[in-house]
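Note sheet for the following structure.
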């Protein structure tokens, strides 16, 4: 997630969703979020998976199989929410549920006296969004380099240190 291309994608996603879409709503701003999200989301998934599954591993090596699974899952889920109303509703409510703690905390901090209910996010299914799927290549390229096999000497050093 700290690769410059991924940091740019995250910044672009935030700027686009909170500034560009409001100021210049168009076909391009809609696609820009999709490209940025597809470029960074598989690596976010991989990072979460690795963090949860390798808490105390000293000789950890990122997995290309996990990277491929994350890229594939992202592409499939993204495609489904663009072509299926049921999947789109699942996305709307799921993301709304993930955002709810922040909304509830903000309501408590600003002393509104009430906690808002979970609300679905706005989502417009658009089959043309499938044109942005090649952005997954960015995640694959960045992740592939990170998951490159260790040179033989480094691998041997790790195995002797673990022993």
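Things worth noting here:
- Selection status of residue 37, part of a helix (DSSP H, G or I), without any contact (Cβ under 8 Å) to a residue 24 or more places away in the chain and under 19 Å from the mean Cα position of the chain (by Cα): no
- Looking at 80, 43, 2, just one residue is touching a helix residue (DSSP H, G or I) at 6+ places or on another chain (Cβ under 7 Å) and either surrounded by 16 or more Cβ atoms within 10 Å (Cβ to Cβ) or not in a helix (DSSP H, G or I) (or both), and that residue is 43.
- Residue in the stretch 62-73 that is loosely packed, with under 14 Cβ neighbours inside 10 Å, part of a helix (DSSP H, G or I), at pLDDT 95 or above and in the same structural domain as residue 142 (by TED's automatic domain parsing) present: yes
The values are calculated or read from the model by the stated rules, or taken from the named source; none is laboratory data. Note that the coordinates shown come from a computational prediction; the quantities given were computed from them, not determined experimentally. FYI the Cβ positions are ideal-geometry reconstructions off the backbone, even for glycines, and counts take in every protein chain you see.
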